Amino acid sequence: MVLLFFWILAIRTPFGFSDPLYGVRLVGGQNRCEGRVELWKDGQWGTVCDDHWKKETAAMVCRELQCGPVMKTPVGRLYSPKAEKDQHIWNLICQGTEQTLAECEEDVVDCDNHEEDAGAVCEVPLHLEGTRLVDGPGPCTGRVEVKYAGEWGTVCNEGWNLRDAKVLCRELGCGRPLLTKRSCERDQQGRGEIWLSQVECQGSEASLRDCPAAPVGENNCTHDDDAWVQCEELFALRLVDGGDKCSGRVEVFHKGFWGSVCNDGWGEKEDQVVCQEMKCGKALSQKPRTRKRFGLGKGPIWLDDVRCKGKETSLEQCRHRLWGHHDCTHREDVSVVCFG
């Protein structure tokens, strides 16, 4: 019988609250993150008196509802006309150490009417399904796009800055932002929806969805205003023109371009690090003068005088000259053959 009682009570309690004896909601606003504060306690919904209402308490309600930070703490008549006349009024005193509104103590003094009801306006979190950079030379450079309601759309440059780019680069697993352009070239512009504008990140957010922004789809932008970002690339390595991924000319990705590696000082230890990073087994022993060639590169020569100890898990960990500093030609491009 006890279990049946709690099951029935849980059904009567609004969906989303794990505790059937407690809940909180915002009523009368334009969305679930705005409105009159109501507390489910002792089997009934009641409003909250504004006598002890403060921003810290409203922020706690915003967190409980999984909304964004508190923006306003309206009190009085803004949302109260829709409250039932006989609805209970909770007069709560919160100390600031509570985790939920229900943990706050009740004042012995009652509130007279619903004209003293407390309210809260929280930021509405973005329900983005994905973020990406497209039409650039790599995954860390391109036009900013977000996925919403199953469709990819662009981000308007209105309000867009390096703090926003910092959050996006981190979310995509790229390095720090190197450039953010306020408009794309004609051939780099998007064609679909323009989902976001007025994005205002602080720079510490884990995702673009955690940043305040104008309501999705509400803007006066055109695709001339599409935002473009270049993030620092993470290290990438490949073997090309060898017929498979385990043999070929060594190329590394840097600043949006693939480039070759000069063979100055290159030997078996460097071969082995490359094969290990490519998950291609052991390296085929090759003498410098008889090393197999796989054509000449056409892009930049990024690395020279590479020196590995042989225990590195990536070529990035080996010593080398500064990126792009060399005294080589593409006739000195190094190649590697692994047993695969």
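Read-outs throughout are calculated quantities, based only on the coordinates presented, and are distinct from any laboratory measurement. Bear in mind that the values here come from a model prediction, so they are computed numbers and not experimental data. Please note: Cβ atoms are built from the backbone with ideal geometry, for glycine as well, and neighbour counts cover all protein chains shown.
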statement: In whole µm²/s, the translational diffusion coefficient that Stokes-Einstein assigns to segment 236-337, given a Kirkwood hydrodynamic radius over C-alpha pairs, 25 °C and 0.890 mPa s, equals 186
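So what is the calculated 222 nm ellipticity per residue for the chain, using -39500 (n - 2.57) for each DSSP H run with n of 4 or more, over all residues, to the nearest 500 deg cm²/dmol? Working shown, then result.
Details: 4 runs with 41 residues, N = 340.
Theoretical 222 nm ellipticity from helices: -3500 deg cm²/dmol.
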field: Separation of the Asp51 and Thr100 label points, Cα + 7 Å toward Cβ, nm
entry: 2.4
- prompt: Could you give the length gained on full extension between Val134 and Leu296, defined as 0.36 nm per residue of separation minus the Cα-Cα distance, in nm?
  reply: 55.4 nm
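At a 10 Å Cβ-Cβ cut-off, how would you order Ser285, Ser260, fewest neighbours first? Could you put the intermediate results ahead of the total?
Values: Ser285 10, Ser260 25.
Sorted ascending by nearby Cβ count, the order is Ser285, Ser260.
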- request: Using Cα centres only, tell me the gap between segment 210-225 and segment 258-335 in whole Å.
  value: 45
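Pairs to check: Lys245/Lys298; Lys245/Lys287; Lys55/Lys181; Lys255/Lys292; Lys147/Lys311; Lys147/Lys245. Give those whose C-alpha atoms are more than 30 Å from each other in this structure.
Details: Lys245/Lys298 19 Å; Lys245/Lys287 21 Å; Lys55/Lys181 37 Å; Lys255/Lys292 28 Å; Lys147/Lys311 41 Å; Lys147/Lys245 32 Å.
Long pairs (Cα-Cα over 30 Å): Lys55/Lys181; Lys147/Lys311; Lys147/Lys245.
To the nearest whole percent, what portion of all C-alpha pairs in the chain is separated by more than 29 angstrom?
Values: 34200 of 57630 pairs.
Of all Cα-Cα pairs in the chain, 59 percent lie more than 29 Å apart.
Note the full-extension length gain between Asp187 and His325 as 0.36 nm times their separation in residues minus their Cα-Cα distance, in nm to one decimal. All intermediate terms of the calculation are to be shown ahead of the outcome.
Details: separation 138, 0.36 × 138 = 49.68 nm, distance 3.21 nm.
Contour length minus Cα-Cα distance gives 46.5 nm.
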- request: In nm, give the distance between the simple-model label positions of Arg307 and Gln202, each being 7 Å from the Cα along the Cα-to-Cβ direction.
  value: 4.5
query: Can you tell which of Arg249, Arg176, Arg319 shows the greatest fluctuation in a Gaussian network model of the chain with Cα springs below 10 Å?
result: Arg319
field: Amide H contacts under 5 Å for Leu234, placed H, 5+ residues apart
entry: Gly175
message: Just to confirm the filter: which trypsin sites (Lys or Arg not before Pro) across segment 101-205 are DSSP coil and have at most 14 other Cβ within 10 angstrom of their Cβ?
response: Arg182, Arg191
message: No solvent, one uniform scatterer per C-alpha: report log10 I(q)/I(0) for segment 130-231 via the Debye equation at q = 0.21 1/Å, two decimals.
response: -1.03
